[in-house]
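Take a look at the structure set out below.
The values are calculated or read from the model by the stated rules, or taken from the named source; none is laboratory data. Because the structure is predicted, anything quoted here is derived from the model rather than measured. As a convention, Cβ positions derive from the backbone with ideal geometry for all residues, glycine included, and neighbour counts pool all protein chains shown. With ligands, DNA and RNA removed, areas are computed over all heavy atoms of the protein, side chains included. Shrake-Rupley method; radii C 1.70, N 1.55, O 1.52, S 1.80 Å.
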Amino acid sequence: RVIILLAEKNKAVVIPPKANRKVARNYDPDLYKARHLIENFLAKLKQFRAIATRYDKTARNFLAGVHLTATAIWLN
């Protein structure tokens, strides 16, 4: 149902089909790889949720915490 709605709105399918599907479906593998990389990064970032709640709720301090966490993830 979702694929049909996406096709009606001229949107690209990003998630590849399961291997056991009888009818193959086209998707953009480059877009899937980029999206998967971002989702994995955000999942790791959620592990550091304490940083977001420990500091004041200002955008500047929160962004600094995100940059600090991103640097820690990148270095590992």
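Against the conditions (1) in a helix (DSSP H, G or I); (2) at pLDDT below 80; (3) open to solvent by 80 Å² or more (accessible area, probe 1.4 Å), Y27 satisfies every one except (1). Here the stretch 52-61 is the region considered, the condition is being more than 19 Å from the chain's Cα centre (by Cα) and open to solvent by less than 100 Å² (accessible area, probe 1.4 Å), and the residue that is modelled with the lowest pLDDT is Y55. Consider only pairs whose beta carbons are under 9 Å apart and that are at least six residues apart or on different chains; among these, list those whose first residue lies in the stretch 17-32 and is in contact (Cβ under 8 Å) with a residue 12 or more places away in the chain and closer than 15 Å to A7 by Cα and whose second residue is open to solvent by 80 Å² or more (accessible area, probe 1.4 Å) and β-branched (V, I, T). So the pair list comes out as Y27/I15. Checking the structure you have, find out if any residue of the stretch 3-15 is at pLDDT below 80 and of a type in the set (D, E, K, R). Yes: one or more hits. Residue count for the stretch 62-71 under the criterion of being modelled with pLDDT of 85 or more and either among the hydrophobic types (A, V, I, L, M, F, W, C) or open to solvent by less than 60 Å² (accessible area, probe 1.4 Å) (or both): the result is 1. Only one of (1) charged (D, E, K, R); (2) assigned to a helix (DSSP H, G or I); (3) open to solvent by less than 90 Å² (accessible area, probe 1.4 Å) fails for K44. Which number is that? K44 satisfies every listed condition except (3).
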